[in-house]
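Just below is one structure, and these are the notes that go with it.
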Amino acid sequence: MFTLSDKKIKVAIAGVGNCASALIQGIYYYKKKQDIETSGLMHENIGGYKPWDLEIVAAWDIDERKVGYDISEAIFNPPNCTAVFHRNVPKTGVKVRKGKVLDGYPEHMKNYPPENAFVLSDAKEDSLDTVVKVLIESGADVLINYVPVGAERAARFYAEACLKAGVAFVNCMPTFIVSDDEWAKKFEAEGIPAVGDDIKSQVGATITHRVLTQLLLDRGVKIDRTYQLNVGGNTDFLNMLERSRLTTKRRSKTEAVSSLIPYGMDPRNIHIGPSDYVPWLKDRKIAFIRLEGRLFGDVPMHVELRLDVEDSPNSAGVAIDAIRCAKLAQDRGIGGALYSISAYTMKHPPIQYTDWQARQMVEEFIAGMRER
(Lines give C-alpha, C1' and ligand atoms only; values in the text may rest on other atoms or scores of the structure.)
Protein backbone atom coordinates (compact mmCIF):
# COMPACT_ATOMS: atom_id res chain seq x y z
CA MET A 1 0.00 0.00 0.00
CA PHE A 2 1.43 3.39 -0.99
CA THR A 3 1.31 6.61 0.97
CA LEU A 4 0.27 10.01 -0.39
CA SER A 5 3.91 10.96 -0.86
CA ASP A 6 4.33 7.99 -3.25
CA LYS A 7 1.43 9.06 -5.46
CA LYS A 8 1.75 10.86 -8.76
CA ILE A 9 -0.61 13.43 -10.23
CA LYS A 10 -1.22 12.20 -13.76
CA VAL A 11 -1.54 15.23 -16.03
CA ALA A 12 -2.84 15.59 -19.59
CA ILE A 13 -2.02 18.69 -21.63
CA ALA A 14 -4.01 20.33 -24.43
CA GLY A 15 -1.55 22.57 -26.30
CA VAL A 16 2.18 21.78 -26.12
CA GLY A 17 3.46 25.34 -26.44
CA ASN A 18 5.77 27.50 -24.36
CA CYS A 19 3.65 27.23 -21.21
CA ALA A 20 3.69 23.43 -21.39
CA SER A 21 7.46 23.53 -21.99
CA ALA A 22 8.07 25.64 -18.89
CA LEU A 23 5.76 23.48 -16.78
CA ILE A 24 7.41 20.21 -17.80
CA GLN A 25 10.92 21.60 -17.44
CA GLY A 26 9.91 22.77 -13.96
CA ILE A 27 8.77 19.31 -12.87
CA TYR A 28 12.24 17.89 -13.52
CA TYR A 29 14.10 21.01 -12.37
CA TYR A 30 12.50 20.86 -8.93
CA LYS A 31 12.86 17.08 -8.77
CA LYS A 32 16.61 17.57 -9.14
CA LYS A 33 16.64 20.45 -6.63
CA GLN A 34 14.33 18.92 -4.04
CA ASP A 35 17.03 18.43 -1.41
CA ILE A 36 18.48 21.90 -1.98
CA GLU A 37 17.04 25.24 -0.94
CA THR A 38 15.06 26.41 -3.96
CA SER A 39 13.27 29.55 -5.05
CA GLY A 40 10.40 30.30 -7.37
CA LEU A 41 7.64 28.23 -5.76
CA MET A 42 4.54 29.70 -4.15
CA HIS A 43 4.02 26.35 -2.40
CA GLU A 44 6.48 23.47 -2.26
CA ASN A 45 3.93 21.21 -0.60
CA ILE A 46 0.20 21.17 -1.34
CA GLY A 47 -1.62 18.44 0.55
CA GLY A 48 1.43 16.20 0.38
CA TYR A 49 2.00 16.79 -3.34
CA LYS A 50 5.32 18.27 -4.48
CA PRO A 51 6.01 19.80 -7.94
CA TRP A 52 7.93 16.70 -8.99
CA ASP A 53 4.91 14.50 -8.26
CA LEU A 54 3.37 15.58 -11.58
CA GLU A 55 3.61 13.01 -14.36
CA ILE A 56 2.58 13.81 -17.94
CA VAL A 57 0.49 10.94 -19.31
CA ALA A 58 -1.18 12.42 -22.42
CA ALA A 59 -0.84 15.46 -24.67
CA TRP A 60 -2.47 17.02 -27.73
CA ASP A 61 -1.33 19.65 -30.21
CA ILE A 62 -1.97 20.56 -33.86
CA ASP A 63 1.56 21.52 -35.02
CA GLU A 64 3.50 19.08 -37.21
CA ARG A 65 6.63 19.65 -35.12
CA LYS A 66 4.84 18.44 -31.99
CA VAL A 67 2.44 15.71 -33.18
CA GLY A 68 4.02 12.24 -33.06
CA TYR A 69 7.01 13.35 -30.98
CA ASP A 70 7.73 12.26 -27.42
CA ILE A 71 6.63 15.17 -25.28
CA SER A 72 10.18 15.50 -23.93
CA GLU A 73 11.23 16.48 -27.47
CA ALA A 74 8.09 18.32 -28.52
CA ILE A 75 8.42 20.94 -25.79
CA PHE A 76 11.72 22.14 -27.31
CA ASN A 77 10.58 22.09 -30.96
CA PRO A 78 9.65 25.27 -32.88
CA PRO A 79 7.83 27.53 -32.59
CA ASN A 80 8.47 27.16 -28.84
CA CYS A 81 10.95 29.80 -27.77
CA THR A 82 10.80 30.01 -23.98
CA ALA A 83 13.84 29.92 -21.73
CA VAL A 84 15.49 26.52 -21.41
CA PHE A 85 16.31 26.19 -17.73
CA HIS A 86 16.26 22.37 -17.63
CA ARG A 87 17.23 20.74 -20.92
CA ASN A 88 17.59 17.21 -19.53
CA VAL A 89 13.95 16.11 -19.69
CA PRO A 90 13.94 12.29 -20.01
CA LYS A 91 11.93 10.40 -22.62
CA THR A 92 8.46 9.76 -21.26
CA GLY A 93 7.00 7.38 -23.84
CA VAL A 94 4.11 9.84 -24.19
CA LYS A 95 3.64 10.83 -27.84
CA VAL A 96 1.85 14.07 -28.64
CA ARG A 97 -1.44 13.30 -30.37
CA LYS A 98 -3.20 15.41 -33.01
CA GLY A 99 -5.89 17.41 -31.29
CA LYS A 100 -9.11 18.70 -32.77
CA VAL A 101 -8.24 21.87 -34.69
CA LEU A 102 -11.64 23.62 -34.62
CA ASP A 103 -10.78 27.34 -34.08
CA GLY A 104 -7.27 26.64 -32.74
CA TYR A 105 -5.44 27.60 -35.95
CA PRO A 106 -5.56 31.33 -36.83
CA GLU A 107 -5.36 31.74 -40.61
CA HIS A 108 -3.00 34.72 -40.42
CA MET A 109 -0.29 32.36 -39.10
CA LYS A 110 0.26 31.33 -42.75
CA ASN A 111 1.73 34.77 -43.42
CA TYR A 112 4.63 34.35 -40.97
CA PRO A 113 7.84 32.30 -41.03
CA PRO A 114 7.37 28.73 -39.74
CA GLU A 115 9.92 29.26 -36.97
CA ASN A 116 7.53 31.86 -35.49
CA ALA A 117 4.12 30.42 -36.34
CA PHE A 118 2.04 27.25 -36.10
CA VAL A 119 2.47 24.72 -38.93
CA LEU A 120 -0.64 22.60 -39.16
CA SER A 121 -0.09 18.85 -38.99
CA ASP A 122 -1.83 16.67 -41.59
CA ALA A 123 -2.22 13.78 -39.13
CA LYS A 124 -5.71 12.55 -38.29
CA GLU A 125 -7.42 14.52 -35.55
CA ASP A 126 -8.59 12.77 -32.41
CA SER A 127 -12.38 12.76 -32.03
CA LEU A 128 -14.04 13.62 -28.74
CA ASP A 129 -14.59 9.91 -28.07
CA THR A 130 -10.89 9.21 -28.72
CA VAL A 131 -9.76 12.01 -26.40
CA VAL A 132 -12.06 10.65 -23.68
CA LYS A 133 -10.71 7.12 -24.23
CA VAL A 134 -7.08 8.31 -24.00
CA LEU A 135 -7.81 10.26 -20.82
CA ILE A 136 -9.40 7.23 -19.20
CA GLU A 137 -6.78 4.71 -20.35
CA SER A 138 -3.87 6.98 -19.36
CA GLY A 139 -5.33 7.34 -15.86
CA ALA A 140 -5.20 11.15 -16.16
CA ASP A 141 -6.24 12.98 -12.99
CA VAL A 142 -6.11 16.52 -14.37
CA LEU A 143 -6.14 18.11 -17.83
CA ILE A 144 -4.58 21.54 -18.22
CA ASN A 145 -5.86 23.62 -21.13
CA TYR A 146 -3.28 25.66 -23.06
CA VAL A 147 -5.03 26.03 -26.44
CA PRO A 148 -4.52 29.45 -28.09
CA VAL A 149 -6.37 32.61 -27.08
CA GLY A 150 -9.57 32.83 -29.13
CA ALA A 151 -9.87 29.06 -29.54
CA GLU A 152 -13.26 29.09 -27.83
CA ARG A 153 -14.60 25.90 -29.42
CA ALA A 154 -11.33 24.02 -28.87
CA ALA A 155 -11.24 24.96 -25.18
CA ARG A 156 -14.82 23.74 -24.70
CA PHE A 157 -14.00 20.55 -26.60
CA TYR A 158 -11.40 19.61 -23.97
CA ALA A 159 -13.69 20.71 -21.13
CA GLU A 160 -16.37 18.39 -22.50
CA ALA A 161 -13.83 15.57 -22.71
CA CYS A 162 -12.99 16.07 -19.03
CA LEU A 163 -16.67 15.88 -18.09
CA LYS A 164 -17.06 12.60 -19.98
CA ALA A 165 -13.81 11.11 -18.65
CA GLY A 166 -14.14 12.26 -15.03
CA VAL A 167 -10.91 14.28 -15.22
CA ALA A 168 -10.30 17.54 -13.31
CA PHE A 169 -9.99 20.61 -15.55
CA VAL A 170 -7.58 23.54 -15.21
CA ASN A 171 -8.38 26.26 -17.75
CA CYS A 172 -5.42 28.57 -18.27
CA MET A 173 -7.01 30.34 -21.23
CA PRO A 174 -9.57 33.18 -21.42
CA THR A 175 -12.49 31.06 -22.58
CA PHE A 176 -15.09 31.48 -19.85
CA ILE A 177 -15.84 27.93 -18.69
CA VAL A 178 -15.21 27.65 -14.95
CA SER A 179 -16.57 31.19 -14.49
CA ASP A 180 -19.66 30.35 -16.56
CA ASP A 181 -22.58 29.23 -14.39
CA GLU A 182 -23.83 26.62 -16.85
CA TRP A 183 -20.43 24.95 -17.23
CA ALA A 184 -19.67 25.20 -13.51
CA LYS A 185 -22.92 23.39 -12.73
CA LYS A 186 -21.96 20.60 -15.14
CA PHE A 187 -18.66 20.05 -13.34
CA GLU A 188 -20.37 20.16 -9.95
CA ALA A 189 -23.07 17.70 -11.05
CA GLU A 190 -20.39 15.25 -12.21
CA GLY A 191 -18.31 15.75 -9.05
CA ILE A 192 -15.31 16.96 -11.07
CA PRO A 193 -13.08 19.83 -9.82
CA ALA A 194 -12.45 22.78 -12.14
CA VAL A 195 -10.04 25.73 -11.86
CA GLY A 196 -10.20 28.78 -14.16
CA ASP A 197 -10.30 30.97 -16.14
CA ASP A 198 -7.22 32.64 -17.74
CA ILE A 199 -4.07 32.10 -15.73
CA LYS A 200 -2.57 34.98 -13.76
CA SER A 201 1.24 34.80 -13.84
CA GLN A 202 3.38 34.55 -10.74
CA VAL A 203 4.57 38.15 -11.07
CA GLY A 204 2.97 39.27 -14.31
CA ALA A 205 1.26 42.36 -15.65
CA THR A 206 -2.15 41.55 -14.16
CA ILE A 207 -1.03 40.80 -10.60
CA THR A 208 1.32 43.82 -10.63
CA HIS A 209 -1.44 46.09 -11.94
CA ARG A 210 -3.83 44.76 -9.28
CA VAL A 211 -1.32 45.34 -6.48
CA LEU A 212 -0.66 48.93 -7.61
CA THR A 213 -4.39 49.55 -7.95
CA GLN A 214 -5.08 48.21 -4.46
CA LEU A 215 -2.20 50.26 -3.02
CA LEU A 216 -3.61 53.49 -4.42
CA LEU A 217 -7.13 52.67 -3.27
CA ASP A 218 -5.93 51.72 0.22
CA ARG A 219 -4.08 55.05 0.47
CA GLY A 220 -7.15 57.07 -0.48
CA VAL A 221 -6.16 57.91 -4.07
CA LYS A 222 -9.03 58.40 -6.50
CA ILE A 223 -8.03 56.58 -9.68
CA ASP A 224 -9.16 58.47 -12.78
CA ARG A 225 -7.62 56.43 -15.58
CA THR A 226 -5.23 53.57 -16.22
CA TYR A 227 -3.72 51.47 -18.96
CA GLN A 228 -1.73 48.30 -19.37
CA LEU A 229 -0.01 47.64 -22.70
CA ASN A 230 1.74 44.33 -23.33
CA VAL A 231 4.16 43.31 -26.08
CA GLY A 232 5.92 40.00 -26.68
CA GLY A 233 7.40 37.74 -29.32
CA ASN A 234 5.90 34.28 -28.76
CA THR A 235 3.07 32.58 -30.66
CA ASP A 236 0.58 33.88 -28.10
CA PHE A 237 1.28 37.45 -29.16
CA LEU A 238 1.37 36.48 -32.84
CA ASN A 239 -1.98 34.75 -32.44
CA MET A 240 -3.44 37.85 -30.77
CA LEU A 241 -2.63 40.07 -33.76
CA GLU A 242 -5.99 38.83 -35.00
CA ARG A 243 -8.05 41.24 -32.90
CA SER A 244 -11.28 39.27 -33.36
CA ARG A 245 -9.76 36.59 -31.08
CA LEU A 246 -9.33 39.03 -28.19
CA THR A 247 -12.86 39.63 -26.94
CA THR A 248 -12.64 37.43 -23.84
CA LYS A 249 -8.93 38.16 -23.29
CA ARG A 250 -9.52 41.91 -23.02
CA ARG A 251 -12.53 41.38 -20.81
CA SER A 252 -10.65 38.97 -18.55
CA LYS A 253 -7.64 41.26 -18.08
CA THR A 254 -9.78 44.39 -17.67
CA GLU A 255 -12.13 42.87 -15.10
CA ALA A 256 -9.17 41.53 -13.11
CA VAL A 257 -8.26 45.16 -12.40
CA SER A 258 -11.61 46.96 -12.58
CA SER A 259 -13.15 44.48 -10.10
CA LEU A 260 -11.00 46.06 -7.37
CA ILE A 261 -12.22 49.62 -8.02
CA PRO A 262 -15.31 50.32 -5.90
CA TYR A 263 -16.75 52.95 -8.24
CA GLY A 264 -17.62 53.06 -11.91
CA MET A 265 -15.00 54.20 -14.41
CA ASP A 266 -15.71 55.45 -17.89
CA PRO A 267 -14.67 52.52 -20.15
CA ARG A 268 -12.59 55.02 -22.15
CA ASN A 269 -10.43 55.58 -19.07
CA ILE A 270 -9.35 51.96 -18.58
CA HIS A 271 -7.45 50.20 -21.36
CA ILE A 272 -5.86 46.81 -20.76
CA GLY A 273 -4.70 44.27 -23.29
CA PRO A 274 -2.06 42.98 -25.69
CA SER A 275 -0.62 45.71 -27.85
CA ASP A 276 1.81 44.27 -30.39
CA TYR A 277 4.00 41.39 -31.54
CA VAL A 278 7.79 41.86 -31.58
CA PRO A 279 9.38 38.61 -32.86
CA TRP A 280 12.88 39.15 -31.45
CA LEU A 281 11.48 39.33 -27.93
CA LYS A 282 10.62 35.62 -28.23
CA ASP A 283 9.04 34.52 -24.92
CA ARG A 284 9.82 37.80 -23.17
CA LYS A 285 6.80 39.89 -22.27
CA ILE A 286 7.12 43.60 -21.59
CA ALA A 287 4.26 45.39 -19.86
CA PHE A 288 3.79 49.14 -19.58
CA ILE A 289 1.43 50.12 -16.77
CA ARG A 290 0.23 53.61 -15.89
CA LEU A 291 -2.25 54.78 -13.28
CA GLU A 292 -3.39 58.39 -12.90
CA GLY A 293 -5.22 59.64 -9.86
CA ARG A 294 -5.74 62.39 -7.29
CA LEU A 295 -4.15 62.70 -3.86
CA PHE A 296 -5.14 64.90 -0.90
CA GLY A 297 -6.75 68.10 -2.11
CA ASP A 298 -7.34 66.53 -5.53
CA VAL A 299 -3.67 67.14 -6.36
CA PRO A 300 -2.84 64.93 -9.38
CA MET A 301 -0.34 62.07 -9.33
CA HIS A 302 0.63 59.23 -11.61
CA VAL A 303 2.71 56.09 -11.43
CA GLU A 304 4.34 54.32 -14.37
CA LEU A 305 5.97 50.90 -14.36
CA ARG A 306 7.77 48.75 -16.93
CA LEU A 307 7.78 45.01 -16.24
CA ASP A 308 10.03 42.66 -18.23
CA VAL A 309 9.58 38.90 -17.68
CA GLU A 310 9.99 35.53 -19.39
CA ASP A 311 6.32 34.85 -19.96
CA SER A 312 5.90 31.08 -19.78
CA PRO A 313 7.92 30.18 -16.66
CA ASN A 314 5.99 33.01 -15.00
CA SER A 315 2.80 31.14 -15.88
CA ALA A 316 4.12 27.68 -14.93
CA GLY A 317 4.90 28.82 -11.39
CA VAL A 318 1.17 29.31 -10.91
CA ALA A 319 -0.13 26.39 -12.98
CA ILE A 320 1.77 23.91 -10.83
CA ASP A 321 -0.24 25.08 -7.79
CA ALA A 322 -3.56 25.06 -9.67
CA ILE A 323 -2.98 21.46 -10.80
CA ARG A 324 -2.13 20.26 -7.29
CA CYS A 325 -5.16 21.98 -5.76
CA ALA A 326 -7.39 20.38 -8.41
CA LYS A 327 -6.00 16.98 -7.48
CA LEU A 328 -6.42 17.70 -3.76
CA ALA A 329 -10.09 18.53 -4.37
CA GLN A 330 -10.42 15.33 -6.36
CA ASP A 331 -8.96 13.33 -3.46
CA ARG A 332 -11.51 14.94 -1.15
CA GLY A 333 -14.46 14.22 -3.45
CA ILE A 334 -15.11 17.90 -4.17
CA GLY A 335 -16.56 18.75 -7.58
CA GLY A 336 -17.32 22.01 -9.37
CA ALA A 337 -15.54 25.35 -9.43
CA LEU A 338 -12.79 25.78 -6.83
CA TYR A 339 -13.27 29.39 -5.76
CA SER A 340 -10.13 29.85 -3.69
CA ILE A 341 -7.42 28.62 -6.05
CA SER A 342 -9.30 30.10 -9.02
CA ALA A 343 -9.34 33.56 -7.42
CA TYR A 344 -5.65 33.28 -6.53
CA THR A 345 -4.35 31.92 -9.83
CA MET A 346 -6.78 33.15 -12.50
CA LYS A 347 -7.72 36.53 -13.99
CA HIS A 348 -11.41 35.66 -14.48
CA PRO A 349 -12.42 33.33 -11.62
CA PRO A 350 -16.05 32.59 -10.76
CA ILE A 351 -15.77 35.07 -7.85
CA GLN A 352 -13.18 37.86 -7.65
CA TYR A 353 -11.44 38.50 -4.34
CA THR A 354 -8.57 40.77 -3.41
CA ASP A 355 -5.25 38.97 -3.70
CA TRP A 356 -4.61 38.84 0.04
CA GLN A 357 -8.08 37.36 0.59
CA ALA A 358 -7.54 34.80 -2.17
CA ARG A 359 -4.19 33.75 -0.74
CA GLN A 360 -5.70 33.26 2.71
CA MET A 361 -8.52 31.22 1.19
CA VAL A 362 -6.01 28.98 -0.61
CA GLU A 363 -4.12 28.36 2.64
CA GLU A 364 -7.43 27.43 4.30
CA PHE A 365 -8.33 25.13 1.40
CA ILE A 366 -4.97 23.34 1.54
CA ALA A 367 -5.36 22.92 5.30
CA GLY A 368 -8.83 21.43 4.85
CA MET A 369 -10.55 24.37 6.56
CA ARG A 370 -12.45 25.39 3.41
CA GLU A 371 -14.31 23.10 1.01
CA ARG A 372 -13.52 24.94 -2.20
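Here GLU107 sits with roughly 110 square angstrom of accessible surface, probe radius 1.4 Å. The stretch between ARG370 and LYS32 holds 118.4 nm of extra length on full extension. This uses 0.36 nm per residue minus the Cα-Cα distance. Using the Karplus relation 6.51 cos²θ - 1.76 cosθ + 1.60 with θ = phi - 60°, the per-residue 3J(HN,Hα) values for region 91-103 come to 4, 10, x, 9, 8, 5, 9, 7, x, 6, 6, 6, 9 Hz, with x marking Gly and Pro. With the largest listed first and rounded to whole Å, the semi-axes of the equivalent ellipsoid of region 119-244 from the Cα gyration tensor are 33, 20, 12. Taking label points 7 Å from Cα along the Cα-to-Cβ direction, GLU188 and ALA83 give a separation of 4.0 nm. Placing a label point 7 Å from the Cα of ASP355 along the Cα-to-Cβ line, the residues of region 180-213 whose backbone N sits under 14 Å from it are 200-213. Annotation: ASP236 carries an accessible surface of approximately 50 Å², with a 1.4 Å probe and no ligand, DNA or RNA atoms counted.
Rounded to whole numbers, the Karplus 3J(HN,Hα) couplings from phi for region 299-316 are 6, x, 8, 8, 10, 10, 9, 10, 10, 10, 9, 7, 5, 6, x, 4, 6, 4 Hz, using 6.51 cos²θ - 1.76 cosθ + 1.60 with θ = phi - 60°, and x at Gly and Pro. DSSP bridge analysis restricted to region 55-204 gives an antiparallel fraction near 20%, rounded to the nearest 5. Taking the Cα centre of region 91-217 as origin and assigning +1 to Lys and Arg Cβ atoms and -1 to Asp and Glu Cβ atoms, the resulting dipole is close to 360 debye. Available extension along the chain between ASP181 and LYS91 is 28.4 nm, counting 0.36 nm per residue and deducting the alpha carbon span. Taking all protein chains together and a 1.4 Å probe, the residues TYR29, TYR69 rank TYR69, TYR29 from largest to smallest accessible area.
Once backbone amide H atoms are built at 1.01 Å from N, ARG225 has GLU292 as its partners under 5 Å, excluding neighbours fewer than 5 places away on the same chain. Residues in the chain average 43 Å² of solvent-accessible surface per residue, probe 1.4 Å, ligands and nucleic acids excluded. Residues whose amide H comes within less than 5 Å of that of ASP283, counting only those at least five positions distant or on another chain, are absent (H built at 1.01 Å from N in the peptide plane).
Seen against the Cα atoms of the chain and their longest principal axis, helix 205-218 is set at about 30 degrees.
Taken over the Cα atoms of region 278-372, the convex hull encloses 137 Å³ per residue.
Distance between the pseudo-spin-label points of ARG268 and ASP308 (7 Å out from Cα toward the beta carbon): 3.5 nm. Per-residue surface analysis assigns ARG97 an accessible area of about 90 Å², computed on protein heavy atoms at 1.4 Å probe radius.
DSSP beta bridges confined to the chain are antiparallel in about 50 percent of cases. When MET265, MET346 are compared by accessible area at a 1.4 angstrom probe, the order from most to least is MET265, MET346. If R0 is 30 Å, the Cβ-Cβ spacing of ILE261 and GLU107 corresponds to a FRET efficiency of close to 0.20.
Residues CYS19, CYS162, sorted by accessible area with the largest first, give CYS19, CYS162 [1.4 Å probe; ligands and nucleic acids excluded]. Which percent of the accessible area of the chain is formed by carbon and sulfur heavy atoms (probe 1.4 angstrom)? Carbon-and-sulfur percentage of accessible area, whole number: 50.
The values are calculated or read from the model by the stated rules, or taken from the named source; none is laboratory data. This one's a predicted model, so the numbers in the text were calculated from it and none came from an experiment. Methodologically, a virtual Cβ is constructed for each residue, glycine included, from the backbone with ideal geometry; neighbour enumeration extends over all protein chains shown. Surface areas here come from the heavy atoms of the whole protein model, side chains and all, with no ligands, DNA or RNA. Shrake-Rupley method; radii C 1.70, N 1.55, O 1.52, S 1.80 Å.
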